[in-house]
Structures are given as C-alpha cells and as structure tokens.
Amino acid sequence: MKALIVSFLLAFILLTGTAFTYLTWKEADKGFALVELFTSEGCSSCPPADALVAKISKETLNRPVYILSFHVDYWNRLGWKDVYSKAEFSARQKRYTDWMHLSGAYTPQIVVNGKTEMVGSNENALRRAVTAGLKNTSAAILTFKEASLSQQKLQLQYQVLNAADNYTLNIAFVQKQAQTQVKAGENAGKTLPHINIVRELKTIPLNGHQLGTAAITPPENFNLKDGQVISFIQNSSTGEIMTAKEVQLSAI
C-alpha cells in the first residue's frame, strides 16, 4: 500500500507540476521573502501575475512575506497610461537585468529576495522561491526604534545590525489595494484589481552606519489608513535583499 501511495504521489506531481512546496510554510520561519512584481495595466499577460501575488499574499498572511507591485511605464505607449506607473520603477527593473545578467526587461516579472527571478505567472517557481527565502536566516537585522507621522511626513528611526558599506535602506510607501477600469490598450474593457502598489520608494545609502532617521512623504490624495510601509535592506553591488520589515501605518 505504501508503494502504491508513493507511486500515486509521483504521478500526481508529474501530471500537475505540483511539488507541495506550500507545506513548508507551516514550519517556523527563519528568514523572509520579498516578492517584487514588475507589472503594467497595459500588458495583457500581467493580470494572471497580479492575481497570483494576491493569492500568495492571502496564503502567507501574518508571515514574513512582503509583496511589492511595481508598475513600469514602458508599456504606456500602447494606448493606456498606467496611473501607478513610474519611470523610476522601470529603472529599478533595469537594474535587476544588470545584476542578474538578463537579456532585457519584460512583464510580468517577479524577483524574490533580489536573487531569483521568474515569469510573474509561474506559480510553482514563486512558491519554491518563497519557501527557500523563509528557510534561510536573514543576513541583517532591521528594527524601527520609533515611527511617527507629522506634517504629512512619516518619520522612521531605524537600526540596522550587520550593515555593510554597500547596503541601502529602501522604504516603500504602499497602497494595499485598488482596481482600475481599463478603457484602452491590450486590457481594454477589463477591470483590473491590484494589491500592494508601490507609490513611493526612497533609497538611503547606509555607508556602514547602523543608526539613522528617514522621512518619506506620502503620495498626494493617499489615504494613510489604507497604506503600509515595507522596508528592506539591499546589497547595491549584487541586488540581493538582506532583510525586510513591515510597519503598519494604522498602528502609528
């Protein structure tokens, strides 16, 4: 009977491509997973990727899995201007093509912890990368000693242990959810839901310093109660993410 069960499981994996990697998410988390999705409302291949990260977000609620949706601007020329797109987000994706020696940028693309990339709709690859990130111990420790909001600016006093000269602190101001009725371009006539849309990204070179204060201005017409701050430490030489931390604005 045991051999029969094993044979059935192997056949199921071969037929479906499912390797049950999601089961490891029940284990104690040693690390984290920062999932960066590069997407666009003007890309017909992107909605499945947006749906996938929303699915993973629900599955990993209250786990150290941080999802950032960066809307790039280079597809705006196809007839629909993505209101969440920014040239700086396209430039960030370009940096990953350099760090990873890729032939070029594309959408949808997902990068996990700055070192593993995949097509944004590849669920099995994403699950494997997230599981690997959760198993690996973080190389740095990021804590916030104080977080306050004054004069429409979020002030964060941070401490970074094991900071290196080439590390940067990145602070993403994120809108938790939105939906857009697309009226032109490849997705014309569709209503597209989004989660964790990056609205502002501030990058601060640490230069080996462990203590500091950062200020970030929320985007105009942004509801602070519907937002969050996701911060992460990145190696500016390799692109690898060393650790990540979330600050709930509603708790400030």
For region 75-103, give me each residue that is part of a loop (DSSP other than H, G, I, E, B) and of a type in the set (G, A, S).
G79, S85, S103
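Rundown of residues vs (1) aliphatic (A, V, I, L, M); (2) in contact with a strand residue (DSSP E or B) (Cβ under 6 Å, 6 or more places away or on another chain), yes/no style:
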| residue | (1), (2) |
| --- | --- |
| N170 | no, yes |
| L192 | yes, yes |
| T203 | no, yes |
| N207 | no, no |
| L224 | yes, no |
| V229 | yes, yes |
| S236 | no, yes |
List, please: which pairs have Cβ atoms under 7 Å, are six or more places apart or on different chains, and start with a residue in region 49-70 that is more than 19 Å from F173 (Cβ to Cβ) and end with one that is of a type in the set (D, E, K, R) and at pLDDT below 95?
R63/D29; P64/D29
Is it fair to say V112 is under 12 Å from the mean Cα position of the chain (by Cα) and crowded, with 17+ Cβ neighbours inside 10 Å?
yes
Are any residues in region 28-74 assigned to a loop (DSSP other than H, G, I, E, B) and over 22 Å from A184 (Cβ atoms), and if so, which ones?
A28, D29, K30, G31, F32, T60, L61, N62, R63, P64
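Checking the condition at negative phi, without any contact (Cβ under 8 Å) to a residue 40 or more places away in the chain and among the hydroxyl-bearing types (S, T, Y), which residue from T217, T213, T180, T203 passes?
None of the other options fit; the residue is T203.
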Looking at region 183-200, which of its residues are in contact with a Leu (Cβ under 8 Å, 6 or more places away or on another chain) and on the phi < 0 side of the Ramachandran plot?
E186, V198
All conditions in (1) at pLDDT 90 or above; (2) under 28 Å from W99 (Cα atoms); (3) more than 18 Å from the chain's Cα centre (by Cα); (4) assigned to a strand (DSSP E or B) are true of H194 except (3)
I'd like to check something: does region 7-30 contain any residue that is more than 28 Å from L134 (Cβ to Cβ), modelled with pLDDT of 95 or more and surrounded by fewer than 20 Cβ atoms within 10 Å (Cβ to Cβ)?
no
Does E200 fit the bill of being in a strand (DSSP E or B), acidic (D, E) and either surrounded by 14 or more Cβ atoms within 10 Å (Cβ to Cβ) or at pLDDT 95 or above (or both)?
yes
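The values are calculated or read from the model by the stated rules, or taken from the named source; none is laboratory data. Computed from a predicted structure; not experimentally measured. Don't worry about glycine lacking a Cβ; one is built from the backbone with ideal geometry, like all the others, and counts go over all protein chains shown.
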